[in-house]
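Here's the structure, in C-alpha cells; my notes come after.
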Amino acid sequence: MRVIDTVLAARENIRFASGALRAHKLRSALTVLGIVIGVTTVISMVSIIEGFNNNVIKNFQSFGATLVQFQKFDPRFGHGGRDDSQRTRKELTIEDAQAMKDLSPSMLAVSPERYWYADDNQSVSQDVIYKGEVATPDIVGGVWEDYTIANNHFVSEGRFLTAGDVLRSAPVTVIGYSIADTLFPRSDPVGKEITVAGRKYTVIGVMEKQGATFFESTDSHVFLPITTFDSHFPWVKKNRGVNIATVPRKPEWVGKITEEGITVLRARRKVPFNKPNDFGIMTPDKLIGNFQAITGGVTLAMIFISSIALIVGGVGVMNIMLVSVTERTREIGIRKAIGAVKRDIIQQFLTEAMTLSAIGGAIGVAAGLAISAVVRKVSPLATSTPIWAVLVGLLVSISIGLFFGIYPAMKAARLDPIEALRYE
C-alpha cells in the first residue's frame with residue numbers, strides 16, 4: 001500500500017511540476033539553456049571522437065593486425081624532444097633484417113624498408129615521368145620481396161619485387177595506383193619504362209588501390225629493390241636506416257616474434273642485459289593505445305568545459321526554484337495547513353527541479369544526436385554515439401536538478417504555515 005501511495009504522490013508531483021513549467025514557458029526555457037548546451041556538447045563531442053577512434057582503429061588494423069615493426073625510435077604522437085640516449089641510437093640495417101629472417105623461426109615475413117620522403121630537403125626531384133606526363137610520389141621506397149606479406153599491401157597488376165630483383169639490383173619498379181592512374185590513364189603500365197628522379201626503371205607491377213587512410217596508403221608510393229635504391233640514392237642510406245616490418249606464421253605468435261626480434265637485435269647491437277632496448281617497437285595495438293590516450297584526454301577536456309555550462313544551468317535551476325518558492329509561499333502555507341509535511345513539500349519542489357533539468361537533458365541529447373548525424377552525413381567521419389553517453393547525459397542533467405534543487409526545496413519546507421498564509 002505504501003508503494004502505491006509513493007507512486008501516486010510522485011505522479012502528482014510530476015503533474016504539479018509540469019503545470020508550473022507550462023505556466024512560465026519562457027522562463028523555464030531560459031533556465032534550462034545551460035543544461036541543453038552542456039549536454040549537447042558532451043553528446044556531440046563524444047560521438048565525433050568515438051567515430052574518429054573507430055576509424056583510426058579500423059585503419060590501423062587493416063594495415064596489419066599482427067604487424068610488429070622494429071625501428072630506431074618508439075612510435076609517438078605529438079611533439080617533444082628525445083633524450084640523449086635516444087638521439088645517439090644507431091640506425092637499423094639490412095643486415096639486422098637478414099639476421100632476423102635467418103634466426104627467427106616464428107616470423108613468416110621480414111621486410112626491411114628504407115624511405116625517401118617527399119618533404120626531405122634534397123635537391124633531387126622525386127618526380128615520376130612517362131612521355132611528358134608527371135606524377136609526384138609521396139614516398140620512394142627501397143624494399144625487398146617480403147614487403148607485401150609483412151605490410152598486407154598487394155599488387156593488382158603485374159607482380160611485386162622478387163629476391164632475384166634484389167640480388168641483381170634490377171632497374172625495376174612497382175608503382176602505386178594513383179601514380180599509375182596519372183601516367184597511364186588509358187594504357188597498361190606493366191612493361192613500360194618510366195623515369196624516377198632522373199633514372200630509368202621498368203614498371204613490373206601496380207599496387208592495389210587503397211584510398212585515403214589515417215595510417216598509410218601505397219597509392220602514391222614508388223617501390224624499388226632496396227639494393228637498387230641504395231645504389232641510386234646513397235644519400236638516403238647515409239642519413240636514414242631501415243624499418244623492419246615482421247609478421248608471425250600464426251596470429252597468436254605476435255608476442256613470440258616480438259621476443260625473437262628483440263633477442264636478435266640486442267645481441268647484434270651488443271645491448272647489456274641490464275640496459276633497455278636501444279631501438280623502438282611498433283605494433284597496431286601500441287599505436288591504438290597511444291592514440292586513444294590522446295583522444296581520451298581531449299574527451300575529458302571537453303567534458304570539463306561542458307561541466308561549466310551544466311553548472312551555469314544548475315545555478316539557473318536554483319534561481320528559478322527560489323523565485324518559485326517565493327511566488328508560491330501562500331500555496332505552501334495552504335498545503336501545510338491541510339496536512340502536508342516537510343517531506344511532501346521537499347518532494348514537490350525537488351520533482352519540479354529534476355523535471356526541469358531532465359527536459360533540458362533530453363533536449364541536449366536530441367541536439368547532440370542531431371549534430372552527430374549531420375557530421376556523419378556531410379563528412380567521411382562515421383560518428384558513433386555510445387549508449388553510455390546518452391545515459392550519462394540524462395543522468396547528469398537529472399542530478400543537476402536534484403543537487404541545485406535541494407536548497408530551494410528545504411527553504412520551502414521550513415516555511416512557517418501561519419506566516420506563509422499571511423504572505424501577500
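The numbers here are math on the coordinates, done by the rules we state, and not lab data. Computed from a predicted structure; not experimentally measured. Cβ: placed from backbone, ideal geometry, glycine included. Neighbour counts: every protein chain shown.
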>> Per-residue counts of other Cβ atoms within 10 Å, averaged by peptide: what ranking do you get for 317-328, 181-192, highest first?
In response: 317-328, 181-192
> Efficiency by 1/(1 + (r/R0)^6): what FRET value for Arg414 and Phe73, r their Cβ-Cβ distance, R0 = 51 Å, to the nearest 0.05?
Replying inline: 0.15
> Averaged over all directions, how much area does the convex hull of the C-alpha atoms of segment 136-256 cover when projected, in nm²?
Replying inline: 8.6 nm²
>> Defining a contact as two alpha carbons under 8 Å apart and six or more residues distant in sequence, what relative contact order in percent does segment 68-282 show?
In response: 34 percent
>> List the lysines whose Cα sits under 23 Å from the Cα of Lys200, skipping any in the same chain fewer than 8 residues away.
In response: Lys131, Lys192, Lys237, Lys238
> How are the Cα pair distances of segment 68-282 distributed, in percent, across 5 Å bins from 0?
Replying inline: 1, 7, 14, 18, 19, 16, 11, 7, 4, 1, 0, 0, 0
> Amide H to amide H under 5 Å from Glu208: which residues, 5+ apart in sequence or cross-chain, H placed 1.01 Å off N in plane?
Replying inline: Phe154, Val155, Ser156
> Percent of alpha carbon pairs in segment 268-406 separated by more than 21 Å?
Replying inline: 63 percent
> Is segment 225-268 rounded, prolate or oblate when judged by the Cα gyration tensor, a ≥ b ≥ c being the square roots of its eigenvalues, rounded requiring a/c under 1.5 and prolate requiring a/b larger than b/c?
Replying inline: prolate
> Distance in nm between label sites at Phe403 and Ala163, each 7 Å beyond Cα in the beta-carbon direction?
Replying inline: 6.7 nm
> Given R₀ = 51 Å, FRET efficiency for Gln86-Ile308 by Cβ-Cβ distance, to 0.05?
Replying inline: 0.80
>> In 5 Å bins starting at zero, report the fraction of Cα pairs in segment 338-397 per bin as a rounded %.
In response: 4, 17, 18, 15, 12, 10, 8, 6, 4, 3, 2, 1, 0
> Between Val271 and Asp344, what is the spin-label point distance in nm, taking each point 7 Å from the Cα along the Cα→C-beta axis?
Replying inline: 7.6 nm
> Rounded to the nearest 20 Debye, what is the dipole magnitude of segment 301-378 about its Cα centre when Lys and Arg each give +1 and Asp and Glu each give -1 at the C-beta?
Replying inline: 100 debye
